[in-house]
Structures are given as structure tokens and as C-alpha cells.
Amino acid sequence: MAVTLDEQLLEILACPSPDHAPLRPGSPDDPQADALTCTSCGRVFPVRDGIPVLLLDEAVSTDAPEGERDDADADGA
């Protein structure tokens, strides 16, 4: 199921890492995932019960900018 957040909320939300880049719905592997992906660092943040969990400890790092993911790095962080 794809993330369905209000467009205004999605415009305001940003990655909590120091670069504060915008987030986009979905994950690099699954555009329909209940997640938000940072457009800069590529971290994937879960969305649980419609609420984005924007904690760096909860994010999965893809170790690739712009959401480009290498399968060798799929173990997460």
C-alpha cells in the first residue's frame, strides 16, 4: 500500500539528518511501500499507521544518494 499523506504535509517534511532534504513517498525498491525516502541521503523512513517515523535510528540506510540502491548494501544500518 502506498503512502497517502496530505500534499502540504509532504512539502513540509524533511529528512532529520543535517542536510534536511525533502522526502518522497515509497522506497527505492518499492514505490508503493509505506515509507518515505530522503532525496539526498537515501535513508528510508517507515510510515506506521499513517504516521511518518522520522527518527534516524528507525531509518534504513541505502548508502546511495538519490535513492540508488546497490543490492550489496541491502543489509540496512
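Identify the residue in region 1-42 that is within 13 Å of the chain's Cα centre (by Cα) and open to solvent by 70 Å² or more (accessible area, probe 1.4 Å) and, among all such residues, is nearest to T62 (Cα to Cα).
Among residues in region 1-42 that are within 13 Å of the chain's Cα centre (by Cα) and open to solvent by 70 Å² or more (accessible area, probe 1.4 Å), the one nearest to T62 (Cα to Cα) is D29.
Looking only at residues in region 43-62 that are open to solvent by less than 40 Å² (accessible area, probe 1.4 Å) and of a type in the set (A, V, I, L, M), which one is nearest to V3 (Cα to Cα)?
Filtering region 43-62 for residues that are open to solvent by less than 40 Å² (accessible area, probe 1.4 Å) and of a type in the set (A, V, I, L, M), the one nearest to V3 (Cα to Cα) comes out as V47.
The values are calculated or read from the model by the stated rules, or taken from the named source; none is laboratory data. Quick caveat: nothing in here was measured; it's all calculated off a predicted structure. With ligands, DNA and RNA removed, areas are computed over all heavy atoms of the protein, side chains included. Shrake-Rupley method; radii C 1.70, N 1.55, O 1.52, S 1.80 Å.
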